[in-house]
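Structure, as C-alpha cells:
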Amino acid sequence: MLYFSKLRVFSVLIFTLIISYFTISNFTKVDDEFFSKNIKLGLDLQGGSYLLLEIDNEPVITQRLQSKVLEFKKFFKDKDIKVRNFVIEDKSIIFDVENSKIEDVKSLLDDDKSEINPYFQQYKSHQFNFENMDTSFKLEFSDYGLVLLKNSSLDQAIEIVRRRVDEVGTNEPNILKRGNDRILVELPGLDDPGRIKSLLGKTANLTFQFISSSSEESFGTEKLSFEDGSSEAIVSKRIVLSGDNLMDAKPTMNNQTNETVVSFSLDRVGAKKFGKATSNGVGKRLAIVLDGKIISAPEVREPIIGGNGQISGNFTFQSATDLALLLRSGALPAPLNIIEERTVGPDLGKDSINAGIMSLIIGFILVVAFMFYKYRFFGLIANLALISNLFLLVGILTLFEATLTLPGIAGIILTVGMAVDANVLIFERIKEELKNENNSIVAFDSGYTKSRTTILDANITTLIAAVILFFMGSGPIKGFSITLGVGILTTLFSVYFIARLITAYYVIKNKHKEKLI
Amino acid sequence: MKTIYFNKFYKSFNILSGILIIASLVFLVFKGLNFGVDFKGGTLIELRTDKSSANITKIRDSFNQMNLGDVSVKNFGNETDFVVKFEKQNSNDPQFIEEIKTKLSNSIGSVDFRRVENVGPKVSAELLRSGVIAIALSLAAMLLYIWIRFEWQFSLGAILALFHDVIITLGVFSVFSLEINLSIVAAVLTIVGYSMNDTVVIFDRVRENLRKYADVKIFELTNISINETLSRTIITSVTTLLALLSIFIFGGEILKGFSLAMILGVIFGTYSSIYIANPVLVSLKVSQRTIVKEEKE
C-alpha cells in the first residue's frame, strides 16, 4: 500500500490542482465562462423568495367537458343519432341515447380509431372512460386523459407565469415544473414578493360584454358585481371580445380626464369583431370584465373601428401598470394557489453566510489543533489531507455549479469533523501493528491494508444516508446532502491518495527511526 | 494502554438505556413533538425590532389582536430579534404579510421582517410524510447493508443501537419542546449514518478477533475489541463534536436545532455502539462458530 508509481503521483497532483483551481475561482475574476465558475448561493444565503404554486384544475375540467358536450352534439347529429339530456355532473358528462342506437354509440366510443373518444396506443387508454345503463351514458376522463389535460394546462400556465415574472424584471428567476400540477418560482434577491404574488394570483381573464337592459336575451345573462364592490349589473353572457385578441396594453394618461387608464390595441380579428359590436351597440354600456368582476362599464358613444381602446377604472399608476402587464402576458388557463412561500431578506442571508464561514473557520482550527496535539507529525499529514479535502470539496461543488445552502455549509463543517476519522483509523491501526512488527514499512503497509474495509464500511453508511436525503429532501436539505455526499468521496480521495502519498515518502525516508508515530 | 472493563457495566447501562427509551416513548406518545411550520403548516416570521424596548409580551399582544389563531413568540439570538409563529397561513392574499407588518409597526415601532415562511396544510402534510419515509428508508437501507456485510446477530445489534439513538434524540426534543423542522430530519438521518459508522468499526474488530482468538468467549472478546478501537472512537467523536459545537455556538440561530440534534446523536451514537450493540452480541451468544458457519456457506 505504500508504493506509488510516478504516473500516479503525477495524476493525483494534477487532479488536486485542477479541482482546487475551481475553489479559488470563486474569489477571482477571469474573462472566460468555464474558468470563472462560482458556487451558486441558495435563497437562504443570498436572500430571495421561493413560491410554490398549485394549479386549480377544476375549472379547466368543467370547461373542457362543456366544449366536449358541444362536440358530441355535432358529432351525433352528423351520424344521425338522436341524443338528449346532456348534463355535466360531478366531473362527468351524462346523456341519453335513443333505444335503437345504444350499441352504435357504444362501438363509436369504444373504437380504437374513434374520433370522438381518442385512443392513445402507447398508454392503452381512451381519453374518456364510459359507463352505460339502459339508455343513459356516463363519460368521465380516464386517468391518462386527466394527466394529459393537467400537463397541457401546466404547460400553458408555466409559460404565462414566466412572462409575468419576466415582465416584472427580477434578477435571474428560476421557474420549474413540479409534478403535473405545480410550479416552483424562485426569485433571488427579492425580499418583498407582494407584487409578484398579486400578479400570479390573478387569472386575468378579460372579456367585453354588453350590459343587458332586459334579463331576457338569447344568450342568457348573468349578474356580476363591480370590482370595487359598489354595485352589481346584469350582463349578457355573449362575449363580444376576449383577452385573447389583445396585442398590447400599456398604462397611459387620458388627457381629457387627467386619469390613468390602460390603453390596448387589438389584433386584426379582434379589431373587426370589436368594430362590428360597437357599431351595433352605440348607446349601450359595454362592461369590461376581469376574472368575473366588472372593472368599468362605459357607454359606447361611437363605433370603435381602429382596434385601439382604453380601459378606465379609478386606477393608480401602479395598478394600471399591473393590469397592463397582466393583459400583455395573457390569461392563465386556471387559477393558481400559492401553497408554500419562503422569503429571506438579504441581510439575514448575509448574516447566515458570515455565521457559516465563522463556524467553519473555528471548527476547522479546533479539529486541526486537536489532530496536531494527538499525532504531531502525522497530525500534520492528516491536516494537509483535510485542507486538500476542503479544496476538493468546494472545487467540485463549484465545477458542477451546485447550490450552496446554509445546511450545506453545515454539511461542509461536519465533513471537516468526520473526515479525519479515516486517518485516525489508519494511524491507530499502524500503532497496533508496530507493537508486533519491527519493520516499520511492513507495519505501515499492513496498517493501511487492515483498516481498509472498516473505512469503506463506515463511509458507505454515511453515503447511504446522504443519497436518501438527496432524493427525498427539498431545497436546503438537498444542499446538505450534496455537501455531505461529495464530502465523503473527497475524504476518501484525500486520505488514500494525498495523505498516503506523503506518509509513504516519510516512512520510506525514515524507516530506521524509532517511534515513527 | 490500560484495559477498561466495559463489559462489567453492560447490564447496568442496558437498564439505563431501557429506562431512557421508555421515558422517551412516553414523552413522544403523550407530549408529542413540537412541529414547526414545515410539518404543521402556518406562518413563521423572523423579525428585527428597532428598539430594545419591544419585548415578547408586547409583540405577542399585538399579534393576538390580529386574529391569527394560536400565536407563539420567541426571542431569537439577540434582544432585538424575535420569531413569531402562528397557525393562520394565507399566502394567496398578497397583502397578508404587508398588513401584519403595518399593524405591527403601528403598535411597536418600525420592524424589519428578515424571514417569512408560509406553508399550506397540503404541503406540510407532504413534507411530514416524505420526512418519515426518508428516515424509514434510510433505516431499511442500513439494515440491508449491514445484513449483506455481517451475520444477522451483528445486524440486529447495529439496528437496535440505531433505534436507541434516534428514539432518545427525539425524546430529548420532546422533553424540551424543541422544534422539529426539515433540518432536524436531515440531522436524524446523519445521526443514523454516524451511529452505524461507529458500530461498524467495533463490529469489524469483533469479527476479526473472533478469527484471531479461538478460545475467548464473546463477553471478553467484545471488551477486547472495544478497547482496541477505543482511542479511535474517542478521537473521532471529539473532532466531530468540535465541528458541531462550532456550528452550535457560531453558526447562527437557524442552525441551532440542527447542530443540537447532531451533538446529541453523536453522544448517544458513541455510547450505543459500546453499550447497546455489543451486549446484543453477548446475549445472542455469538461465538467463533457464528462466523465460521457463514464462511463455509
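Structure above, values below:
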read-out	value
Those residues of the range A:1-27 which are in a loop (DSSP other than H, G, I, E, B) and farther than 22 Å from residue A:171 by Cα, in sequence order	A:1, A:2, A:3, A:4, A:5, A:25
Hey, residue A:182 within 14 Å of another protein chain (Cβ to nearest Cβ) and over 30 Å from residue B:101 (Cα atoms) or not	no
Odd one out for residue A:318, checked against (1) in a helix (DSSP H, G or I); (2) out of contact with any helix residue (DSSP H, G or I) (no Cβ under 9 Å at 6 or more places or on another chain); (3) over 29 Å from residue A:57 (Cβ atoms)	(2)
Verdict on residue A:296 being under 35 Å from the mean Cα position of the chain (by Cα), closer than 26 Å to residue A:331 by Cα and surrounded by 15 or more Cβ atoms within 10 Å (Cβ to Cβ)	no
Candidates A:49, A:107, A:100, A:114, filtered to the one that is under 34 Å from the mean Cα position of the chain (by Cα) and small (Gly, Ala, Ser)	A:49
Single residue of the range A:241-274 satisfying the filter (in contact (Cβ under 8 Å) with a residue 12 or more places away in the chain and assigned to a loop (DSSP other than H, G, I, E, B)) that is farthest from residue A:167 (Cα to Cα)	A:257
Pairs where the first residue, in the range B:230-246, is in contact (Cβ under 8 Å) with a residue 40 or more places away in the chain and the second is surrounded by fewer than 20 Cβ atoms within 10 Å (Cβ to Cβ) and not in a helix (DSSP H, G or I), C-beta under 9 Å, 6+ apart	B:230/B:1; B:230/B:4; B:231/B:1
Members of the range B:227-264 that are more than 8 Å from chain A (Cβ to nearest Cβ), small (Gly, Ala, Ser) and surrounded by fewer than 21 Cβ atoms within 10 Å (Cβ to Cβ)	B:237, B:257
Those strands (runs of 3 or more DSSP E) lying entirely in the range B:1-108 with at least 3 residues surrounded by 14 or more Cβ atoms within 10 Å (Cβ to Cβ) and among the β-branched types (Val, Ile, Thr)	B:42-49, B:78-86
Residue among B:165, B:61, B:112 that alone is under 16 Å from residue B:44 (Cβ atoms), modelled with pLDDT of 85 or more and of a type in the set (Asp, Glu)	B:112
Hits in the range A:428-453 (condition: facing another protein chain (nearest Cβ under 7 Å) and touching a Ser or Thr at 6+ places or on another chain (Cβ under 9 Å))	A:428
Pairs with Cβ under 7 Å, 6+ apart, first in the range A:122-141 and in the same structural domain as residue A:87 (by TED's automatic domain parsing), second charged (D, E, K, R) and surrounded by 17 or more Cβ atoms within 10 Å (Cβ to Cβ)	A:128/A:140; A:129/A:140; A:130/A:138; A:131/A:138
Residue in the range A:10-18 that is in contact (Cβ under 8 Å) with a residue 24 or more places away in the chain, over 29 Å from residue A:493 (Cβ atoms) and not acidic (Asp, Glu) present	no
Strands (runs of 3 or more DSSP E) fully within the range A:118-196 counting 1 or more residues that are among the hydroxyl-bearing types (Ser, Thr, Tyr)	A:136-141
Residue check for residue A:412: touching a helix residue (DSSP H, G or I) at 6+ places or on another chain (Cβ under 6 Å) and either among the hydrophobic types (A, V, I, L, M, F, W, C) or surrounded by 24 or more Cβ atoms within 10 Å (Cβ to Cβ) (or both)	yes
Sole residue being among the basic types (Lys, Arg) and within 28 Å of residue B:139 (Cα to Cα), chosen from A:478, A:509	A:478
Matching residues in the range A:425-438 - criterion: being of a type in the set (A, V, I, L, M, F, W, C) and either surrounded by fewer than 24 Cβ atoms within 10 Å (Cβ to Cβ) or in contact (Cβ under 8 Å) with a residue 60 or more places away in the chain (or both)	A:426, A:427, A:430, A:434
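Let's see how each residue does on (1) in contact (Cβ under 8 Å) with a residue 40 or more places away in the chain; (2) assigned to a loop (DSSP other than H, G, I, E, B); (3) within 13 Å of another protein chain (Cβ to nearest Cβ); (4) in contact with a Cys (Cβ under 6 Å, 6 or more places away or on another chain):
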| position | (1), (2), (3), (4) |
| --- | --- |
| B:116 | yes, no, yes, no |
| B:127 | yes, no, yes, no |
| B:130 | no, no, yes, no |
| B:138 | yes, no, yes, no |
| B:157 | yes, no, no, no |
| B:170 | yes, no, no, no |
| B:190 | yes, no, yes, no |
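The values are calculated or read from the model by the stated rules, or taken from the named source; none is laboratory data. Keep in mind it's a predicted model, so treat the numbers as computed, not measured. Using ideal geometry, Cβ is built from the backbone for each residue, glycine included, and neighbour counts are taken over all protein chains shown.
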